[in-house]
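Contents: one structure, followed by commentary.
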Amino acid sequence: MPGMKARLTGVAYALGWSALCRVPEPVAAEVFRFFADIAWRRQGASVRVLEGNLRRVIGPDATGKELRALSRQAMRSYARYWLEVFRLPVMSVDRICAGMRETGHVEEMLGHVAAGRGVVVPLPHMGNWDQAAVWVINRGAKSFTTVMERLEPESVYRRFFAFREGLGMEVLPASGGASPFGMLARRLRDGKLVALPSDRDVAGGGVEVDFFGERALMMGGSAALAIQTGAALMPATIWFDGDGWGVHIYPEIAVPDGGDRWQKAAAMTQEVARRFEEGIREHPADWHMLQRVFVSDLDPQRLATARARVAARQRAAQKNGTGVP
């Protein structure tokens with residue numbers, strides 16, 4: 001049965017990229033909203049996790065009705081992301097770029113790249129970051145490197161890998177080979193742009209931060225890369241804006257003066273979390289977080305393993321100054 005499920009999943013993704021490009025967009029959008037509503041009504045495990053995460057965003061005083069309305073919007077937003085993933089290969093670059101509403105420090109970010117200084121952009125799972133990649137490449141960044149975690153089945157992973165490379169990204173696998181950290185550092189030293197989804201601990205050794213009034217685990221690699229390479233650390237949030245999209249680039253987070261590398265990276269990651277809070281509060285329905293991020297929701301064994309890894313890296317940082325979150 002697992003093998004059959006994997007094959008069916010692979011077929012479904014293949015049909016998505018081959019067939020949905022031919023279906024009129026309004027019709028496809030209606031179909032995706034329909035299935036998003038079905039998933040929302042069923043209240044499966046992922047929807048319950050989503051609602052638990054959104055509860056932290058809107059606060060305990062929000063009613064159950066308000067939470068349910070928001071989670072429905074979020075599921076529809078998530079469905080839109082998938083629809084656009086399947087249709088991006090046939091969308092014109094002009095539409096993708098013209099439809100992006102820019103706010104914040106976009107020119108500063110592009111100015112760093114133009115001057116030969118690398119920029120590392122941590123971002124949460126919001127809006128459509130594949131669309132944002134096409135936008136920033138054609139807006140002046142010229143290159144875009146990211147890391148992609150392995151998906152199951154392997155056929156889907158390969159298709160996603162090819163899809164993102166087809167959009168112009170350089171994609172490094174998160175596992176299954178050498179650590180991508182060294183290659184990312186090389187790209188940043190060459191003055192390139194690196195973007196990393198960072199609002200969830202994927203590797204099992206994330207940095208513990210305050211996030212919406214609770215403790216959460218986030219990836220600290222963006223901050224570590226900025227410290228090691230001198231690249232500008234400039235968080236971003238993205239969202240859906242009507243029929244288009246929106247992006248906000250936050251100002252550079254400076255490296256603290258005091259502390260070892262670990263302490264500096266942890267402090268900078270906390271600042272990244274603060275920027276994520278701002279963006280997610282403004283557009284909570286576009287935060288597609290269907291996985292557990294808050295410490296109180298995590299499996300105790302996984303949490304203990306993550307904390308043990310963090311402690312080992314802290315000791316390494318204190319010993320020789322090379323610890324990397």
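Return the tail of the calculated pair distribution for the stretch 207-261, meaning the percent of Cα-Cα pairs more than 13 Å apart.
Percentage above 13 Å: 72.
Just tell me which aspartates and glutamates come within less than 14 Å, Cα to Cα, of K65; anything on the same chain fewer than 8 places away is out.
Within the straight-line limit of under 14 Å, K65 reaches these aspartates and glutamates: E51.
Given only helices, namely DSSP H runs of n ≥ 4 each adding -39500 (n - 2.57), what is the per-residue ellipticity at 222 nm of the chain, to the nearest 500 deg cm²/dmol?
Helices in the chain give a 222 nm mean residue ellipticity of -17000 deg cm²/dmol.
Under a point-charge model restricted to the Cβ atoms of Lys and Arg (+1) and Asp and Glu (-1), what is the dipole moment magnitude of the chain relative to its Cα centre, in debye to the nearest 20? Walk me through the numbers before you get to the answer.
Values: 42 positive and 35 negative charges, 193 e Å.
Roughly 920 debye, rounded to the nearest 20.
I want to verify the translational diffusion coefficient of the stretch 92-320 in µm²/s; compute it with Stokes-Einstein, Rh as the Kirkwood radius over Cα pairs, at 37 °C and 0.692 mPa s.
On the way: Rh = 18.0 Å.
Taking Rh from Cα pairs, D becomes 182 µm²/s.
Give the relative contact order (percent, whole number) for the chain; include only Cα pairs under 8 Å separated by 6+ residues.
22
How high is the relative contact order of the stretch 176-294, in percent, with contacts defined as C-alpha pairs under 8 Å that are six or more residues apart?
26
I'd like the distance between the alpha-carbon centres of the stretch 226-274 and the stretch 18-80, rounded to an integer number of Å.
About 28 Å separates the Cα centre of the stretch 226-274 from the one of the stretch 18-80.
Nearest 5 percent is fine: what portion of the DSSP beta bridges confined to the stretch 92-320 is antiparallel?
45
What's the extension gain from S92 to A39 if we count 0.36 nm per residue and subtract their Cα-Cα distance?
16.0 nm
Using the charge dipole of the stretch 92-320 (Lys, Arg: +1 at Cβ; Asp, Glu: -1 at Cβ; taken about the Cα centre), state which of L290, A195, N128 has its Cα farthest towards the positive end.
A195
In debye, nearest 20, what is the charge dipole magnitude of the stretch 200-325 about its Cα centre with +1 on Lys and Arg Cβ and -1 on Asp and Glu Cβ, if you could check?
With Lys and Arg at +1 and Asp and Glu at -1, about 820 debye.
Could you check which residue among Y157, Y78, Y250 shows the biggest mean-square fluctuation in a GNM of the chain with a 10 Å Cα cutoff?
Residue with maximal mean-square fluctuation among Y157, Y78, Y250: Y157.
Bear in mind that the values in this text are calculations on the coordinates, not laboratory data. If you're wondering where the values come from, they're calculated on a predicted model, not measured in any experiment. Backbone-built Cβ (ideal geometry, glycine too); neighbour counts: all protein chains shown.
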